[in-house]
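The values are calculated or read from the model by the stated rules, or taken from the named source; none is laboratory data. Just so it is clear, the model here is predicted, and its values are computed rather than measured. For neighbour counting, all protein chains shown are included, and Cβ atoms are generated from backbone atoms with ideal geometry for every residue, glycine included. Heads up: the accessible areas ignore ligands, DNA and RNA and are worked out on the full protein's heavy atoms, side chains in. Shrake-Rupley method; radii C 1.70, N 1.55, O 1.52, S 1.80 Å.
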Amino acid sequence: MKWLGAAFYILHSSFFICSCDDMFEPAEENTKQLDAMVQESNYVYGLLIYGYNRLPYMTTTQTDIATDDAVTNENGNVYRDMATGTWSSENNPLSQWNSCKDGIQYVNLFLKYVNQVDWAPSAASKQQMFIDRLTGEALGLRAIFYYHLLQAHGGYDEDGNLLGVPLLTEPEDGSSDYNQPRASFADCVRQIFADCDKAVELLPAQYVEIDDAENIPQKYRDLGAQLTGYNLVFGNMAKNLVSGKVAAAVKAQTALLAASPAFRSKSGVTSEEAAKICADVLKDVEFDPEGDIWYKNTEKLSSSKNVMPEILWRADWESAGSSQESANFPPSLYGQGRVNPSQNLVNAFPMRNGYPITDSRSQYDPQDPYKDRDPRLDDDVIYNGTVFKSVVIVTGTYATTTENKGHDDNINNPSTSSTRTGYYMKKLLRSDAGASAASGSTSNQPHIYPRIRYTELYLAYAETANDAWGPKADGAGLGLSAYDVIKKIRERGGIGTDENGDYVGDPYLEECAGDQAKMSELIRNERRIELCFENKRFWDLRRWELPINESVMGVQIDKIDEQKDAEPSNLKYTFINVEDRVFDSYQYFGPIPNSELISWSNLLQNKGW
């Protein structure tokens, strides 16, 4: 639980807490029960900590390998198996049912007792501030759990009703009726919105130290709050807990989901409402000019105290590690090459001039396919000939007999560490971490794992604003249209710039600005590029109702003349089918666990499962 960091200042000692079963059973002789726990704040606070421990965020690339963006070379990987035909209501690695429902039970229990605990017996102002902050955190956590439950399990029943999950705002106990039906999707959304709004009301936007007592909210000053007490509760020591800005972002994520094509007809949320909710999160935010390459900012990664403007909320700062690099570096760098980007994804990156490679104006050269491409391709993907950590990575079939002899990075290498697509993942990896190509020794470096990035929220705003008002209208009063956001993102990534990095224009963007449908396609493609390998694509395809069973393609690169060098003119590029996806249309919506349906007769399954 080190990710809670300094938040443990509330605790005076380590806490003991009983299991869920113990909560519903008569007290055993040595088991402390909830009614007694209110006498000691650390025990009740433990309920909130257990809620934090159920947070459903992934810290490594996982679900992308079940999309058209990537495959994995790891045999037996659950997401690989799922994407190739094993996904069922009894075998669902994406299920959030048990973990998120556990989290909801913990925070509901906490909310029941939070007002009964003496958090700061000697000061009325501190007592109220603690109650407000802890209540806001719990409501924010509950919203997060319900959002992830909706994303993973919301869907239509056989009669066409759009359902969410059972909606519980009170803790369950031994006398509760557990045979609860699924609430409507719209009712779940409204509950998430209500929890987020209340959390925003109770919490500061961010946890920061203030140096002027005049900045203390009046309601606390009226209770006698002093600067030191306010900073103790709402200052730096609470950083990385759920804040007002985090709660507002979760509301925006939920609004985007609800206003998406798969849900919007019955979710109760319009694109206009969703755009305004997204805009509210962004109104006081400055666009980070380096937000697309935050993982390369080694200076700010070096300390947990450094703040990255791009990252709204992150998981624990890891002071030393290389597991991501060990898993994904190519074999020549002593990695396992687990995540292999697809040719489908590579094709999604436009040319530097902004045109898609399928456009005749793009100047794309299929004989030299990586020349003059979107600079983000170099940031995100290792392709044939990439120099990484001073090693030339050769994925072509000629690698074992020429300049990359012995490195075994090529696509035909039978090793389970080599690429299946002709590409390796580069994004998220620190080039100064992992195994050393020279010595084989391990070099650990600090890492952070974002939970919510501002770029994700900008893209959510662009998507919903374009749907609501078209490319260039600012119906939310943000000062930015969908067009403005995409221009910022593309220019930051290097689109429309010359070889010196100077902006020279983006004619394709200007073309899309006059066509709402084309702008929608462009926004979706920008989201695909900007958020690749961050476990977003799986859910995006489903909420957009785009094809989910497209085969994953790769590229085999052969020499035309084995006696000549590997120049572009002497290479042959053959696109190959790497992996077929076995998804059906009903799988736009994930299943309710079969074990739950067997146990509770009032639960209905999503259609098709």
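If you take the Cα centroid of the stretch 76-151 and the Cα centroid of the stretch 178-195, the two points sit 15 Å apart. What you get for the stretch 462-514, charging only the Cβ of Lys and Arg (+1) and of Asp and Glu (-1), is a dipole of about 200 debye around the Cα centre. Taking the radius of gyration and the Kirkwood hydrodynamic radius from Cα positions alone, what is the Rg/Rh ratio for the stretch 270-316, to two decimal places? Checking Rg against Rh, the ratio lands at 1.10. When each of the peptides 104-114, 413-423 is scored by the mean number of other C-beta atoms lying within 10 Å of its residues, the order from highest to lowest reads 104-114, 413-423. Entry comment: accessible area of the chain is 40 Å² per residue, from protein heavy atoms only and a probe of 1.4 Å. Annotated for the stretch 156-285: lysine pairs at least 8 residues apart or interchain, Cα distance under 26 Å, count 19. When each of the peptides 257-264, 427-434 is scored by how many other beta carbons lie within 10 Å of its residues on average, the order from highest to lowest is 257-264, 427-434.
How high is the relative contact order of the chain, in percent, counting Cα pairs under 8 Å that sit 6 or more residues apart?
Dividing the mean separation by the residue count of the chain yields 18 percent.
Report, for the chain, the % of DSSP beta bridges that are antiparallel, rounded to 5. The antiparallel proportion sits near 100 percent.
Each residue of the stretch 415-421 is assigned a 3J(HN,Hα), and the resulting list reads 4, 6, 9, 8, 6, 9, 10 Hz, derived from the Karplus form 6.51 cos²θ - 1.76 cosθ + 1.60 (θ = phi - 60°), x at Gly and Pro. Sequence-ordered 3J(HN,Hα) estimates for the stretch 172-182 from the Karplus curve with 6.51, -1.76 and 1.60 and θ = phi - 60° stand at 8, 9, x, 9, 6, 8, 7, 8, 9, x, 6 Hz, glycine and proline given as x.
Between the amide H of Leu571 and those of Ile560, distances stay under 5 Å, these residues lying 5 or more places away or on another chain, with hydrogens modeled in the peptide plane. Note: relative contact order over the stretch 497-579, using C-alpha pairs below 8 Å and six or more positions apart, is 19 percent. In terms of the mean number of neighbouring beta-carbon atoms within 10 Å, the peptides 72-80, 39-47 order highest first as 39-47, 72-80.
Taking a straight Cα-Cα cut-off under 20 Å and skipping sequence neighbours fewer than 8 places away in the same chain, the aspartates and glutamates within cross-link reach of Lys126 are Glu40, Asp118, Glu137, Glu201, Glu209, Asp211, Asp212, Glu214, Asp222.
Neighbours of Ser323, meaning other residues whose beta-carbon lies under 13 angstrom from its beta-carbon, give a summed charge of 0 when Lys and Arg score +1 and Asp and Glu score -1. With both labels modelled 7 Å from their Cα along Cα-to-Cβ, the Ser415 to Ser585 distance reads 4.5 nm. Short-range pairs are left out: with C-alpha atoms under 8 Å and at least six residues apart, the relative contact order of the stretch 215-345 is 15 percent. Of the solvent-accessible surface of the chain, computed with a 1.4 Å probe and all protein chains present, 45% belongs to carbon and sulfur. Here the simple spin-label model places points 7 Å from the Cα toward Cβ, and for Thr574 and Thr60 these points are separated by 3.3 nm.
Going through the DSSP H helices of the chain, which span 15 Å or more along their own axis at the Cα atoms while scoring at least -1.0 as a mean Kyte-Doolittle hydropathy?
Helices passing the filter in the chain: 41-52, 97-113, 124-153, 185-202, 244-258, 271-282, 454-469, 482-493.
Derived scalar couplings between HN and Hα for the stretch 71-85 equal 10, 10, 8, 8, 5, x, 4, 5, 6, 5, 4, 4, 5, 10, x Hz in order, rounded to whole Hz, by the Karplus curve 6.51 cos²θ - 1.76 cosθ + 1.60 (θ = phi - 60°), x for Gly and Pro. For Arg451, the residues whose modelled amide H falls within less than 5 Å of its own, excluding neighbours fewer than 5 places apart on the same chain, are Trp313, Arg314, Ala315. Listed by chain and number, the lysines whose alpha-carbon sits under 17 Å from that of Lys564, ignoring those within fewer than 8 places in the same chain, are Lys405, Lys572. Scanning residues 5 or more positions from Val578 or on other chains, those with amide H under 5 Å from its amide H are Val552, Met553, Gly554, with H placed 1.01 Å from N in the peptide plane. Candidate cross-link partners of Lys427 among the lysines, defined by an alpha-carbon separation under 18 Å and a same-chain spacing of 8 or more, comprise Lys296, Lys300, Lys389, Lys536. Per residue of the chain, the DSSP helices (runs of n ≥ 4 H) give a summed -39500 (n - 2.57) that works out to -10500 deg cm²/dmol at 222 nm. With a 1.4 Å probe rolled over the protein heavy atoms of all chains, the accessible area of Trp97, Trp119, Trp317, Trp600 falls in the order Trp600, Trp317, Trp119, Trp97, largest first.
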